[in-house]
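The values are calculated or read from the model by the stated rules, or taken from the named source; none is laboratory data. Remember, predicted model here, so these are calculated numbers, not experimental data. When we count neighbours, we look across all protein chains shown, and the Cβ atoms used for this are built from the backbone with ideal geometry, even at glycine. Accessible surface is based on the protein model in full, side chains and every heavy atom, while ligands, DNA and RNA are left aside. Shrake-Rupley method; radii C 1.70, N 1.55, O 1.52, S 1.80 Å.
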Amino acid sequence: MSRIAWIALSVAATALIVAVVSAAFVVGGTRTKSTAGVPVSRPGSEPPTLSLPLAKDRSALMLAKHDRDLLVGIAARPAGPVEVAALRAETPLPTAALAVRLDGRPVDATQCGAGCSRVEGGVLSGSPARLSVRVGQSELAFELPARLPPSGSALFARVQKTMGALRSWRYVERLSSGRGAVVSHIGAQAPNRLRIRSSTGFRLVIIGRRRWIFQGGRWERSSFPGLSVSELFMWDGAAHARILGPLRPGSRLTALAAFHAEPFPAWFRLAVDASGRVLEAEMIAPSHFMLHDYGDFNGAISIRPPTGK
């Protein structure tokens, strides 16, 4: 199965369309993946159209925020320009819908593609700057440092190696499309075992090529194509890694930003400890805002075939 065809959706999304999950391996269609690695078929579903030319520039700083279902992401290059990606749910917004300010002053923006607006300004060139974007009643602001943050490629590679080598771990996922949220508790045991319980009541166990979903008061077993839990981290395939500094003042965790454009645009922020482990992770993507809290690394986690209720 092609890795690029797997889109990082959450287990909570899987819970909402569990009937489709059960048929996904039969009907085909556009495949996506949850953090549980459960392929979901969504016939006719396509990633949102979004143009962000600077996303191809490895010297760009990629950051994003959201307010409910409004996503605003930026790509900022030293000395400018800054490209602003704005979407309401999965609908790209035109430049005319945005009011952009740089250090409190209104700045003109020009269209640079679907959902893309470009502004000129000497950011990342010696002085800190504040870029704010207003859409309707919502305003999102980005505090840009005086200089382009250092490359995080080496640290990101260390994160990939460290997290990929774990024997087991647990994490709590909070997923929102901008309204409400679903919380899932997930345990992973290398190489191919996963257990999920979500606030929707969804329960799932995967062991190798077998899968159990709790439905109608009982566990239902079915076949599964298999997975490697070391490849299921939300940031898999991201690039543009930049070290933003301490996560918070006085924190021993390093904030690392990353981005991937394909098969859908997504901005990541990871909190990394001195060992290279990720303790917190955030993904901001169209209609998909996800937070992970990781822990119990290499703990006593044993995932077995479920019995009873």
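Quick one: compute the contact order of the range 122-219, relative version, from alpha carbon pairs under 8 angstrom and 6+ residues apart, as a percent. Walk me through the intermediate numbers first.
Details: 134 pairs, mean separation 13.2, N = 98.
It comes to 13 percent, rounded to a whole number.
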query: Nearest 20 debye, what's the magnitude of the dipole of the range 62-192 about its Cα centre given +1 on Lys and Arg Cβ and -1 on Asp and Glu Cβ?
result: 460 debye
query: When Rg is the radius of gyration of the Cα atoms in the range 167-206 and Rh is its Kirkwood radius, what does Rg/Rh come to?
result: 1.05
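Could you work out the per residue convex hull volume over the alpha carbons of the range 257-305, in cubic angstrom? Spell out each step's value before the answer.
Details: hull volume 5.8 nm³, N = 49.
Roughly 119 Å³ of hull volume per residue.
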- prompt: Of the peptides 177-185, 261-269, 104-112, how do they stack up when ordered by the mean number of other Cβ atoms within 10 Å, highest first?
  reply: 261-269, 177-185, 104-112
statement: Here the range 118-134 yields Karplus 3J(HN,Hα) values (6.51, -1.76, 1.60; θ = phi - 60°; whole Hz; Gly and Pro given as x) of 10, 10, 8, x, x, 7, 6, 10, x, 9, x, 9, 10, 9, 10, 10, 10
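If you place +1 on the Cβ of every Lys and Arg, -1 on the Cβ of every Asp and Glu, and leave all else neutral, what size is the dipole of the range 135-220 about its Cα centre, to the nearest 20 Debye?
Working: 15 positive and 4 negative charges, 138 e Å.
Magnitude of the dipole: close to 660 debye.
Gain in length, residue 153 to residue 130, computed as 0.36 nm per residue apart minus the alpha-carbon separation, to one decimal in nm?
Working: separation 23, 0.36 × 23 = 8.28 nm, distance 2.56 nm.
Extra length from residue 153 to residue 130 when fully extended: 5.7 nm.
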- line: Share of accessible surface on carbon and sulfur in the range 238-291, whole %, 1.4 Å probe and ligands ignored, is 53 percent
message: List the residues, sorted by chain then number, that are 5 or more residues from residue 215 or on another chain and whose placed amide H is less than 5 Å from its amide H.
response: 220
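Given the Cα atoms of the range 219-266, and with Rh set as the inverse mean 1/r over their pairs in the Kirkwood sense, what is Rg to Rh to two decimals?
Values: Rg = 16.7 Å, Rh = 13.9 Å.
That ratio equals 1.20.
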- prompt: Once the Cα atoms of the range 58-211 are picked out, what are the Rg and Dmax in Å?
  reply: 20.1, 58
task: Mind checking which of 164, 132, 55 is farthest towards the positive end of the range 37-169's charge dipole, using Cβ charges of +1 (Lys, Arg) and -1 (Asp, Glu) about the Cα centre?
output: 164
- prompt: Along the three principal axes, how long is the range 90-178 when you take its alpha carbons, biggest first, rounded to the nearest angstrom?
  reply: 51, 36, 23
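Of all the Cα-Cα pairs you can form in the range 170-288, what percent are over 25 Å apart? Please list the in-between numbers first.
Details: 2516 of 7021 pairs.
Distances greater than 25 Å cover 36 percent of the Cα pairs.
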field: Pairwise Cα inverse-distance average, inverted: Kirkwood Rh of the range 226-309 (Å)
entry: 14.7 Å
field: Radius, Kirkwood style, for the range 44-137 when every pair of distinct Cα atoms is counted (Å)
entry: 13.4 Å
- prompt: How big is the gap, in Å, between the Cα center of the range 227-256 and the Cα center of the range 270-309?
  reply: 12 Å
